[in-house]
Every structure is written in C-alpha cells, then in structure tokens.
1. Could you please tell me which pairs satisfy a Cβ distance under 8 Å, a separation of 6+ or placement on different chains, a first residue in region 67-80 that is at pLDDT 95 or above, and a second residue that is open to solvent by 50 Å² or more (accessible area, probe 1.4 Å)?
2. With the condition kept exactly as written, say whether any residue in region 115-129 is more than 25 Å from Q145 (Cα to Cα), of a type in the set (D, E) and either in a loop (DSSP other than H, G, I, E, B) or out of contact with any strand residue (DSSP E or B) (no Cβ under 9 Å at 6 or more places or on another chain) (or both).
3. I'd like the residue in region 48-69 that is open to solvent by less than 10 Å² (accessible area, probe 1.4 Å) and of a type in the set (A, V, I, L, M, F, W, C) and, out of all such residues, is farthest from K21 (Cα to Cα).
4. Just checking, how many residues over region 76-90 are assigned to a helix (DSSP H, G or I) and surrounded by 15 or more Cβ atoms within 10 Å (Cβ to Cβ)?
5. What number of residues within region 28-75 are out of contact with any helix residue (DSSP H, G or I) (no Cβ under 9 Å at 6 or more places or on another chain) and either in a loop (DSSP other than H, G, I, E, B) or under 19 Å from H11 (Cα atoms) (or both)?
6. With respect to N18, is the statement that it is within 25 Å of I181 (Cα to Cα) and out of contact with any Cys (no Cβ under 8 Å at 6 or more places or on another chain) true?
7. When you scan region 91-115, how many residues do you find that are closer than 15 Å to Q29 by Cβ and surrounded by fewer than 20 Cβ atoms within 10 Å (Cβ to Cβ)?
8. Tally up the residues in region 116-130 that are of a type in the set (A, V, I, L, M, F, W, C) and closer than 15 Å to V26 by Cα, please.
Amino acid sequence: MDRAQALDLIHSWTTNPNLIKHMLAVEAQLRALAHHFNQDEDLWGLAGLLHDADYQLFANQPERHPSKIVEELQSKNVDSRIIQAIRSHAWGWQPGAPEPRSQLDWALYTSDELSGLIIACALVRPDKKLSSLTLDSILKKWHTQSFAAGVHRDHILLCETKLGIKLNDYITICLNALQDISSDLGL
C-alpha cells in the first residue's frame with residue numbers, strides 16, 4: 001500500500017477533519033522519528049497515517065478499534081510491521097492488544113499521545129499557530145496536569161526508556177515535524 005492508497009482508505013472511512021489531521025500529524029512525527037533512527041520513513045509514515053483509520057467507525061464501540069483497520073491491512077498484505085505497530089498502539093486499553101516491542105511500535109505508541117499535547121498547546125496560543133510553539137512553551141503545559149488531561153504523559157515518557165530519546169529531544173523532533181506540515185493541519 002502506498003500513501004495515496006492509504007489516504008483513499010482514510011477518506012472513505014473518516015469524515016471528521018480533526019481525526020484526519022491527527023493521522024497526518026502522527027504520520028509526520030513518525031517520518032521524523034524514522035529519519036532520526038535511520039529507518040524507512042515511508043513504512044513508518046504509513047503506520048502513523050493509518051493507525052486510527054477505523055476510529056470513527058467505532059465511535060460507540062471504542063474497544064473494537066483498531067480491529068477493522070488491522071483486518072483491512074491484513075487482507076491487502078500490508079507489511080506486517082505496520083500491522084503490528086497499529087495493533088500495539090492499543091496496548092493497555094484494548095483487551096488482547098500486544099505490548100509494543102519494536103522501535104516503530106514504541107514510536108507510534110508514544111507519538112500518538114504527544115501529537116495531542118502539541119496540538120492542544122498550539123490551540124491555546126493567541127495566534128493558534130504551531131510556528132509560535134517552542135519546547136519551553138510545551139514543557140510549561142506538560143507540567144500542568146489539568147491541561148490536555150486526556151493525554152497520557154506516562155506513555156510519552158516511554159520515549160526515554162523504549163526509544164532512548166530524552167523527553168526534550170523527543171518533543172523537539174515531533175514539534176519540528178508538525179511545524180513542517182502546519183498548513184495541512186490548519187495551524
């Protein structure tokens with residue numbers, strides 16, 4: 001599956017523009033992380049792009065996500081590393097979801113949460129722009145647990161033990177990736 005086919009699939013299953021932007025954000029972060037680790041940016045990007053493709057379909061049954069996208073990707077013989085990463089991003093909240101084990105798995109697991117925090121930080125800026133965000137402005141919000149309370153900061157912190165990247169460096173890599181696609185995100 002190439003990126004154009006992935007986008008076609010996403011747009012056929014997802015009408016929520018914010019959910020589409022979220023998938024684009026995670027794709028950008030994973031591409032940047034793949035670059036950092038000297039890994040396949042297209043493979044990692046597809047995992048990020050597709051990870052929530054079935055989320056809207058299961059709005060009333062969140063425990064079923066990401067089963068449909070996993071089935072769809074398996075039927076299309078998509079690289080098993082992408083499927084594993086998508087399955088394991090549900091670890092901890094979907095019964096039977098496997099624990100992440102590869103760099104790709106952990107990158108998706110941690111960046112899924114971080115994208116939400118970075119976007120929330122941009123949305124409370126006076127200009128609502130990613131370009132005005134800095135590491136320091138994100139870290140100020142990081143320490144305010146009531147801000148973006150749904151973001152699992154403990155998941156993001158796993159970047160240090162599971163990926164070997166200090167939190168500040170991890171946030172910087174992901175922030176830069178989102179700033180690079182800010183026009184796609186409308187931020």
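The values are calculated or read from the model by the stated rules, or taken from the named source; none is laboratory data. This structure is a prediction, so every number in the text was calculated from the model and none was measured. Every residue, glycine as well, gets a Cβ built from its backbone with ideal geometry; the counts of neighbours run over all protein chains shown. Accessible surface is based on the protein model in full, side chains and every heavy atom, while ligands, DNA and RNA are left aside. Shrake-Rupley method; radii C 1.70, N 1.55, O 1.52, S 1.80 Å.
1. V70/R87; L73/M1; K76/M1; V78/M1
2. no
3. For region 48-69, the residue satisfying everything is I69.
4. Final tally of qualifying residues: 8.
5. So the answer is 6.
6. Numbers: within 25 Å of I181 (Cα to Cα): yes; out of contact with any Cys (no Cβ under 8 Å at 6 or more places or on another chain): yes.
Taking the combined requirement at face value, the residue satisfies it.
7. 1
8. Residues of region 116-130 of a type in the set (A, V, I, L, M, F, W, C): 117-124, 130.
Applying the additional criterion that residues be closer than 15 Å to V26 by Cα yields 117-120, 130.
Residues flagged as of a type in the set (A, V, I, L, M, F, W, C) and closer than 15 Å to V26 by Cα within region 116-130 amount to 5.
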